[in-house]
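Q: Dropping the structure in here first, questions after.
The values are calculated or read from the model by the stated rules, or taken from the named source; none is laboratory data. Here the structure is a predicted model, which is why all the values come from computation and not from measurement. Ideal geometry is used to build each Cβ from the backbone, glycine not excepted, and the neighbour counts take in all protein chains shown.
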Amino acid sequence: MSELTPEKSALRVPADHYCAPASDSPRLFPKWVPLGCGTVSLVIVIVLIIAGAFVNSGGGSRAVDWGIEKIQRDVIDMCTKDVSAKQKTDFAAEVSTMRERMHERGVKPDAVTPLLQAVLDAVSDKNVTPAELDDLTDRLHKINTGQ
């Protein structure tokens, strides 16, 4: 070889890798990284399969039903003292009707979204006034009657 080109190049070209893998070069990642990433992805796939089976077996509707029941309890618990018992009863009756219609798949999810936003607005200050409860009851009634 000449003085300009060394006998062994310090840089490896891709063809060198296929001829003889470098055993002396440092690893880019520790040995456990591919094993850890593979394990995590396998766990994620298993969790997704279990979640799909849960939703498919009716667990999704049970979870939504539980959430609506929790919202009902929270709204009634946050009512101010000037909210009448009749207003609370009317609200609870409309929520119960909506839950029954949801079990029958008579309520579209698009119709519930504005109601949930109104609930968030009503409970944002941790107090539900009679006007706010009447508004929520009216919204529930419209959902239940399909208006």
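Q: I'm checking my understanding of the structure. Among residues of the range 116-140 that are acidic (Asp, Glu) and surrounded by fewer than 19 Cβ atoms within 10 Å (Cβ to Cβ), which one is nearest to Lys88 (Cα to Cα)?
A: Asp134
Q: Determine, yes or no, whether Asp24 is at pLDDT below 70, surrounded by 12 or more Cβ atoms within 10 Å (Cβ to Cβ), on the phi < 0 side of the Ramachandran plot and among the acidic types (Asp, Glu).
A: Values: at pLDDT below 70: yes; surrounded by 12 or more Cβ atoms within 10 Å (Cβ to Cβ): no; on the phi < 0 side of the Ramachandran plot: yes; among the acidic types (Asp, Glu): yes.
Against the criterion (at pLDDT below 70, surrounded by 12 or more Cβ atoms within 10 Å (Cβ to Cβ), on the phi < 0 side of the Ramachandran plot and among the acidic types (Asp, Glu)), Asp24 does not qualify.
Q: Please verify whether the range 65-82 includes one or more residues that are within 30 Å of Asn144 (Cβ to Cβ), in a helix (DSSP H, G or I) and at pLDDT below 85.
A: Yes: the range 65-82 contains one or more residues that are within 30 Å of Asn144 (Cβ to Cβ), in a helix (DSSP H, G or I) and at pLDDT below 85.
Q: Here's another thing I want to ask about it. For residues in the range 27-82 being within 19 Å of Asp121 (Cα to Cα) and polar (S, T, N, Q), which is surrounded by the most Cβ atoms within 10 Å (Cβ to Cβ)?
A: Filtering the range 27-82 for residues that are within 19 Å of Asp121 (Cα to Cα) and polar (S, T, N, Q), the one surrounded by the most Cβ atoms within 10 Å (Cβ to Cβ) comes out as Gln72.
Q: Only residues that are touching a residue at least 12 places away in the same chain (Cβ under 8 Å), of a type in the set (Ser, Thr, Tyr) and in a helix (DSSP H, G or I): list them for the range 84-116, please.
A: Once the filter is applied, which keeps residues that are touching a residue at least 12 places away in the same chain (Cβ under 8 Å), of a type in the set (Ser, Thr, Tyr) and in a helix (DSSP H, G or I), the range 84-116 yields only Thr97.
Q: Another question, if that's okay. Within the range 117-147, work out how many residues are touching a residue at least 40 places away in the same chain (Cβ under 8 Å), hydrophobic (A, V, I, L, M, F, W, C) and assigned to a helix (DSSP H, G or I).
A: Selection size over the range 117-147: 7.
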